[in-house]
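The values are calculated or read from the model by the stated rules, or taken from the named source; none is laboratory data. Note that the structure is a prediction, hence the values are computed from the model and not measured. Neighbour counts are summed over all protein chains in view; Cβ atoms, including those assigned to glycine, are modelled from backbone coordinates with ideal geometry.
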C-alpha cells in the first residue's frame, strides 16, 4: 500500500545539495540547488512519475523557499518549476535576487 500525500516528509540533504520529499520509505521527488554567498540557486526539480499529480512538487518548493527565507537567502530560480511557482505566488517574490524576466517564447 502506498503512503498518502499527507505522509509527505521534506528534508534537506546537504550532501546531495537538494531537498527531498519522501512518502513512506520512497523518495517521491527532489529539488536540487547550489549555494553562493547570500543566495541559493534552484536548478532542477523532479517528481518520480508514479507520484505525479499529488502536489508534491509544489509542497517541496514551498518548503525550500520557506527555508531560504528563514536563512536570509535570496533566490535565483533557474528551475522552470520553481520560477513558475514564484511567479504565481506573490508572497515569495520578495525572495528573488532579481526580478523575474519574461519567459522566452518560440517564434
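Output the residue which, of all residues in segment 13-31 that are touching a helix residue (DSSP H, G or I) at 6+ places or on another chain (Cβ under 7 Å) and either modelled with pLDDT of 95 or more or in a strand (DSSP E or B) (or both), is nearest to residue 76 (Cα to Cα).
Looking at the filtered set, the residue picked out is 31.
Conditions (1) out of contact with any strand residue (DSSP E or B) (no Cβ under 9 Å at 6 or more places or on another chain); (2) more than 24 Å from residue 7 (Cβ to Cβ); (3) loosely packed, with under 14 Cβ neighbours inside 10 Å, marked per residue:
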site	(1), (2), (3)
43	no, yes, no
58	yes, no, no
63	no, no, no
67	no, no, no
77	no, yes, no
82	no, no, no
86	no, yes, no
95	no, yes, no
98	no, yes, yes
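Suppose we filter segment 39-83 for residues that are in a helix (DSSP H, G or I) and either under 8 Å from the mean Cα position of the chain (by Cα) or closer than 21 Å to residue 17 by Cα (or both); how many remain?
19
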